[in-house]
1. How high is the FRET efficiency between Gln155 and Arg15 when r is their beta carbon distance and R₀ equals 25 Å, given to the nearest 0.05?
2. When the chain is fully extended, how far beyond the present Cα-Cα distance does Arg184 get from Glu45, taking 0.36 nm per residue of separation?
3. Work out the charge dipole of the stretch 39-188 with +1 on the Cβ of Lys and Arg and -1 on the Cβ of Asp and Glu about the Cα centre, then indicate which of Leu176, Gly112, Gly56 is farthest towards its positive end.
4. Would you mind computing, in nm to one decimal, how far apart the modelled labels at Asp55 and Glu218 are, each placed 7 Å from Cα along Cα→Cβ?
5. If the convex hull of the alpha-carbon atoms of the stretch 133-172 is projected onto planes in all directions, what is the mean projected area in square nanometres?
6. How many percent of the accessible area of the stretch 122-182 is carbon or sulfur, using a 1.4 Å probe?
7. When the convex hull of the Cα atoms of the stretch 41-154 is projected onto a plane and the area is averaged over all directions, what value comes out in nm²?
Amino acid sequence: MGPNLLAQALINQPRQDACQRLGIQGAFGFQLEICGDLPAVAFAEAPRVLALSVDGGTSVELAYQPQPASTVERLQQVLAPEVRGAVGHFDGLSPEGDALHGWAYRRGQRSGQPIEVWLHAAGQPPVKLRCDRYRPGMADQGYPEQCGFEIELHQLPPAWAGQEVQVCFDAGGKILLPGAGVVRLPGAGLGVIPSPAPLMHPASGSPYAAQVANAPGELQQSWQALEQFRQFLDGLEAQVCRAEEFQQLRGRQALETSGPLRKRDRLLRLLGLRS
């Protein structure tokens, strides 16, 4: 951009479409990776991509195809300081169906400086997600291990229930994370964790409130521990119900997609010859 060299790469990637177009065999592709440690300034010039000969004596400016104007705009978006050099993946809903998760980081990212991504839904203000959760095994792939993000569905406002959501690198929703793409959240009543029930207090009108209030301190502590265990069991039961409802929802969606069974399929299923 202008006099600034932002990235360079060898032209050595296979591109079968280019070979077919040119009628010759070769490796005509390239992939430019933008570093995240570039100066935090916004470039005003339009980005240009130049191809140089082996000896550097000849340079050719590559044309943007098929839509030059939108390609330039897209490049300017990904080269913005807050997005530049960011990589990541949106995993979608967790296996239990009660959270959205994924990972993202910036190339050249320093320890303790995680990036942030944004959860978007139509008509709703975006939600900022900090990418600082531990992701085991990421270091083996050359990524920082503290780069995960997650948000439980009960943390979202009720208006998000049933919405289609996506995770983007930017607050404007222009640069999507690769991966799950657009994900539809469960509807109202599904995937929502109820708020924990408050601990019962001796002054709550319980028939044994007076006995508890007058009991020795050690007995009161034991009673409180039992109440906390009750809360744990209630929460566990809610999670099991939520997972079952989510699986039922997926099953209904699969049936809607596949359509009604034919008579032959129904017969085979009744005979136990088809699952």
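1. Working: r = 44 Å, r/R0 = 1.74.
Result of the calculation: an efficiency of 0.05.
2. Working: separation 139, 0.36 × 139 = 50.04 nm, distance 3.83 nm.
Gain on stretching Arg184 to Glu45: 46.2 nm.
3. Positive-end residue among those listed: Gly56.
4. Computed distance between label sites Asp55 and Glu218 equals 9.4 nm.
5. On the way: hull surface 16.7 nm².
Projected area, direction-averaged: 4.2 nm².
6. Details: 1570 of 3310 Å².
So the carbon and sulfur contribution to the accessible surface is 47 percent.
7. Working: hull surface 45.5 nm².
The number I arrive at for the stretch 41-154 is 11.4 nm².
The values are calculated or read from the model by the stated rules, or taken from the named source; none is laboratory data. Note that the structure is predicted; figures quoted are calculated from it, not measured. Glycine also receives a Cβ, built like all others from the backbone with ideal geometry; neighbour counts cover every protein chain displayed. To get the accessible areas, we keep the full protein, side chains included, count just its heavy atoms, and leave off ligands, DNA and RNA. Shrake-Rupley method; radii C 1.70, N 1.55, O 1.52, S 1.80 Å.
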